[in-house]
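Comments concern the structure below.
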């Protein structure tokens with residue numbers, strides 16, 4: 001398994017999209033933008049995992065946002 005080749009930014013929202021046998025990590029600086037992107041991948045049938053907001057040592061705000069937040 002490959003390791004991440006990037007540093008996670010503090011205060012940035014992340015989610016993963018499964019594409020075949022691998023996963024792509026996607027980031028957004030704003031929670032609303034992150035939720036919109038997250039639900040757009042779900043709508044096209046992708047398997048998606050919400051990670052939350054990175055705070056340096058762990059993910060905070062890791063509960064999947066409601067779809068109304070994205071709207």
Note to self: If I take R0 = 25 Å and measure r between the Cβ atoms of residue 7 and residue 62 in this structure, what FRET efficiency does the formula 1/(1 + (r/R0)^6) give, to the nearest 0.05?
What the structure shows: 0.85
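Against the 2.2 N^0.38 Å scaling, with N counting residues, where does the chain land? I'd like the Cα-based Rg ratio to two decimal places. All intermediate terms of the calculation are to be shown ahead of the outcome.
Details: Rg = 12.0 Å, N = 71, 2.2 N^0.38 = 11.1 Å.
Ratio of Rg to 2.2 N^0.38 Å for the chain: 1.08.
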Item checked: Order by protection proxy (mean Cβ within 10 Å, highest first), peptides 41-47, 14-20, 61-67, 30-36 -> 30-36, 14-20, 61-67, 41-47
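Want the number for residue 26 to residue 43: 0.36 nm per residue separation, take away the alpha-carbon distance, what's left?
On the way: separation 17, 0.36 × 17 = 6.12 nm, distance 1.64 nm.
So the chain would gain 4.5 nm between residue 26 and residue 43.
The numbers here are math on the coordinates, done by the rules we state, and not lab data. None of the values given here were measured: they were computed from a predicted structure. Cβ sites come from the backbone with ideal geometry, for glycine too, and all protein chains shown count toward neighbours.
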